[in-house]
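Derivation of every value follows stated rules applied to the coordinates shown; laboratory data play no part. These numbers were taken from a predicted model, which means no experiment stands behind them. Here the Cβ is made from the backbone with ideal geometry for all residues, glycine too, and neighbour counts use every protein chain on show.
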Amino acid sequence: GNVNTVLPTDPTLTTREKLELHRSSPACAGCHSMFDPLGMALEHFDSIGQYRETENGLPIDASGVLEDGTAFDDAVGLGAALRASPVANECLLRNFYRDVNGRADDLYDQPQVDAMGAMLASRNYVFRDFVADFVVSDAFRSAPALPITGENP
């Protein structure tokens, strides 16, 4: 539709300040208020990934707040906040489970998703190690048993 993707171009502003101006429009704030705080954690990195302390001569503010109120400062802080967030972990695992199984999950899948959470925690949240464990788990190798209702689907 009518999405305005142009940020203010004032070269004396930081990206954070430009996004704050952009979010002043209610049409933009609905989405930007959800994802801008996450992106701000990466502001110490320029467009080619080079670390920087300033932008346009102004100090970088890489702080933000998750929707649950957890504050963080910079990319490392964001990672720690997401790791500690039960909501973020549940979302990650549920979407991973859906993708590898090629179907939506239901309430009968919850024990598998819970087991995946325990598995990820036991692997100190190192996702590649978790994936190695997951591919040999029941959550990957078998479908959940559905209750017998006496009705044909």
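Below is a table of values for the structure above.
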item: Modelled FRET efficiency - R0 30 Å, V135 with L42, Cβ distances, 0.05 increments; result: 0.45
item: Using θ = phi - 60° and Karplus 6.51 cos²θ - 1.76 cosθ + 1.60, couplings along the stretch 69-86 (whole Hz; Gly, Pro as x); result: x, 6, 8, 8, 9, 6, 5, 5, x, 5, x, 5, 5, 5, 4, 7, 8, x
item: Where labels lie 7 Å past Cα in the beta-carbon direction, separation of E20 and S85 in nm; result: 2.2 nm
item: FRET E, pair F35, Y125, Förster distance 22 Å, beta-carbon r, rounded to 0.05; result: 0.50
item: Sites matching trypsin sites (Lys or Arg not before Pro) across the stretch 50-102 that sit in DSSP coil, with at most 14 neighbouring C-beta atoms within 10 Å; result: R52
item: Debye, to nearest 20: dipole size of the chain, +1 on Lys, Arg Cβ, -1 on Asp, Glu Cβ; result: 320 debye
